[in-house]
1. Scan the range B:131-149 for residues that are charged (D, E, K, R) and either within 20 Å of the chain's Cα centre (by Cα) or assigned to a helix (DSSP H, G or I) (or both) and report the count.
2. Based on what the data block shows, is B:L133 touching a residue at least 24 places away in the same chain (Cβ under 8 Å) and within 22 Å of B:T222 (Cα to Cα)?
3. If I filter the range A:29-47 for residues that are assigned to a loop (DSSP other than H, G, I, E, B), among the charged types (D, E, K, R) and free of Cβ contacts under 8 Å to residues at least 24 places away in the same chain, do I get at least one hit?
4. Given the structure, is A:V57 outside any strand (DSSP E or B), surrounded by 21 or more Cβ atoms within 10 Å (Cβ to Cβ) and more than 11 Å from chain B (Cβ to nearest Cβ)?
5. Taking B:F127 as meeting all but one of (1) buried (at least 24 other Cβ atoms within 10 Å of the Cβ); (2) modelled with pLDDT under 90; (3) over 20 Å from B:W192 (Cβ atoms), write down the number of the exception.
6. Tell me yes or no: at least one residue of the range A:187-194 is touching a residue at least 60 places away in the same chain (Cβ under 8 Å), out of contact with any Phe, Trp or Tyr (no Cβ under 7 Å at 6 or more places or on another chain), buried (at least 17 other Cβ atoms within 10 Å of the Cβ) and under 20 Å from B:A104 (Cβ atoms).
7. Would you be able to tell me the number of residues in the range A:107-138 that are surrounded by fewer than 17 Cβ atoms within 10 Å (Cβ to Cβ) and charged (D, E, K, R)?
8. Applying the selection to the range B:1-12, what residues are within 12 Å of chain A (Cβ to nearest Cβ), surrounded by fewer than 22 Cβ atoms within 10 Å (Cβ to Cβ), touching a residue at least 12 places away in the same chain (Cβ under 8 Å) and of a type outside the set (S, T, Y)?
Amino acid sequence: MSVAERPAAVDARRAAADLVAGLPPTPAVWCSGLRKRYGRQQAVADVSFEVGRGEIVGLLGPNGAGKTSVIKMLLGLVHVDEGEVMLLGRPGADPAARARVGYLPELFRYQPWLSPTEVLALHVRLSGIGVTVAEQQDSLALVGLADRAGDRLGGFSKGMQQRLGLAVALVAGPELVVLDEPTSALDPLGRADVRDIVLTLKERGVAVLLNSHLIGEVERVCDRVVILDRGQVAASGTLAELLGQRELHLRLSDVSAEAEARLAATGQVDRTGDVFTLALPADDHGTAVPDLVRDLAALGVRVHAVEPARITLEERLLGILREGAAARSGDAR
Amino acid sequence: MTTTRTVLTIAALTLREATRRRVLMALTVLTVALIALSGWGFSRLAAESGGSALTSGEARLTASIVLNLVMFGFSLIAALGTAFLAGPTVSGETESGIVLAVLARPIRRSAYLMGKWLGLAAFGSGFVVLAGLVQCLVVRATTDYWPPQPVTALALLAAQTTVLLTLAVLLSTAISPMASGVVAVGLFCTTWVAGVVGGVGEGLGNEAVGRVGTVSRVLLPTDGLWQGAMHAFQDPSVFATFGGEDVEAFPFLSSSPLTATYLAWAALWVAMVWGLAATSFVRKDL
């Protein structure tokens, strides 16, 4: 490069750097068209989703839906038959993509001949990221293992090993944390701790991919949910999108045909005796219920009770899975 | 994380595992027992030859044979130790799930396997070299016999251990921890027996039987390297005592040193088997 060219080249490089810096940050996880077959079993069939930076995404689904396989494919532990993975803006096949990724496996086991302090030191060294000993001890304190830091893991209970696993996932300054069933061996207190830790991560802008059977946990902490069923994404969206449908329970008497028609005009109605369950439209802005009550009263209906009800994530999940099963049995016929 | 740093970290971890899992303790106890027993034997031998029951040539011959016998004991201990350590450390960690959190770090699987292999090789080789050296010193103190090429002999013992543990690492990437140890030690013993059978065949001038040893030494170089180590431990005057072919027929004497070609083949064998192990491990779904 000649001296005359140098400023121009530097300017071009700076312009390119500015352009890249101006781009929106790449997602923490991006995967597209993931497929995996074990022998004759298609474990994962066309899974695509993403986890934004600082976002908490729950992965839900029945046993054998392919959740753990998808997680292992993201982390390069299981080979991808087809599809692409990007972690923190780097291709998943490049080990460096995992430099800022913390992982708590479903099968959490750590070297039984080491102490928690030594396990964390090992993981910090392997991650290649500078973390002081004091920070490592803070991670142990966060999961409640500060007073067992020097003991061999051989004598640890499953719950304590899972707590250590959480510390391992958090120790090397992660920007993405993948937690596969993080509370499976924990008591209610431990579960509450994990929930607090996940919410703290969210505050710090760390993205979390959480696979859990405890739907209540997912509902409390997650921004978005991806529901897997038989290796495919059965539904995904924010909690508001998935649970947008609200319900109304009405206890009514003297219901005429006109009144039933008025109810049906608002949404789908299920009747059990004198209790009517009405699905409210997702685009309701608070006027549907008072309008309905006013009209029912005008039609001579005696209104005993009006109770709003929200569909839980569990009900929604079961609904989605049952719809899928019904569609499959319909196809089979 | 650089590959070298990963390899050294995992190698250090493997060495720490060997010490913490009491493998080192068990090996030390066995070794001390063997050295003490052989020390007593050699002192008896010296007393016999001192009392002119044996000629000095016979005494040196006997010392060579017994030294080779004890060294075979060490190589067997090292073989058992490393083969049964390689199983749990690679296959066992895969089965238990210990490997999941480790390999989710920004490291290559081949670097992880190289670290394991290097740690095991350092442990196994370190053991045979140290135990072998102590044994040579005990023999020197009791019978005043010093092997002609101790460095070569100990290096070949270390190479033999490395060959066997490379095989154990390959097996442990494919089969269960216990099975990989059993198969590796079984093959080690089979090759040794095949070597003895081949030696007897050569001693009797039977080419077909003699070929059994040659073929087995090519397929698994442990026995070939062992023959080389024995040759470097034993007194050259044994050839004057026995004829060359009679030496072949005796399981704890060796008639010829190793060729450079054979050493190159052993090195290539280790590289190929390690390559196979790495391929198998990299392709594995964990």
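The values are calculated or read from the model by the stated rules, or taken from the named source; none is laboratory data. Everything quoted here is computed from the prediction, not taken from an experiment. Note that we place each Cβ from the backbone using ideal geometry, even for glycine, and neighbour counts take in every protein chain shown.
1. Residues of the range B:131-149 charged (D, E, K, R): B:140, B:144.
From the residues that got through so far, the ones that are either within 20 Å of the chain's Cα centre (by Cα) or assigned to a helix (DSSP H, G or I) (or both) too are B:140.
Within the range B:131-149, residues that are charged (D, E, K, R) and either within 20 Å of the chain's Cα centre (by Cα) or assigned to a helix (DSSP H, G or I) (or both) number 1.
2. Working: touching a residue at least 24 places away in the same chain (Cβ under 8 Å): no; within 22 Å of B:T222 (Cα to Cα): yes.
For B:L133, the condition - touching a residue at least 24 places away in the same chain (Cβ under 8 Å) and within 22 Å of B:T222 (Cα to Cα) - is not met.
3. Narrowing the range A:29-47 to residues assigned to a loop (DSSP other than H, G, I, E, B): A:39-40.
Next, from what is left, pick out any that are among the charged types (D, E, K, R): A:40.
Add one more test, that the residue is free of Cβ contacts under 8 Å to residues at least 24 places away in the same chain, and what stays is A:40.
Yes: one or more hits.
4. Numbers: outside any strand (DSSP E or B): no; surrounded by 21 or more Cβ atoms within 10 Å (Cβ to Cβ): yes; more than 11 Å from chain B (Cβ to nearest Cβ): yes.
Against the criterion (outside any strand (DSSP E or B), surrounded by 21 or more Cβ atoms within 10 Å (Cβ to Cβ) and more than 11 Å from chain B (Cβ to nearest Cβ)), A:V57 does not qualify.
5. (3)
6. Here is the first cut: in the range A:187-194, the ones touching a residue at least 60 places away in the same chain (Cβ under 8 Å) are none.
No, the range A:187-194 contains no residue that is touching a residue at least 60 places away in the same chain (Cβ under 8 Å), out of contact with any Phe, Trp or Tyr (no Cβ under 7 Å at 6 or more places or on another chain), buried (at least 17 other Cβ atoms within 10 Å of the Cβ) and under 20 Å from B:A104 (Cβ atoms).
7. Qualifying residue count, the range A:107-138: 2.
8. B:M1, B:L8, B:A12
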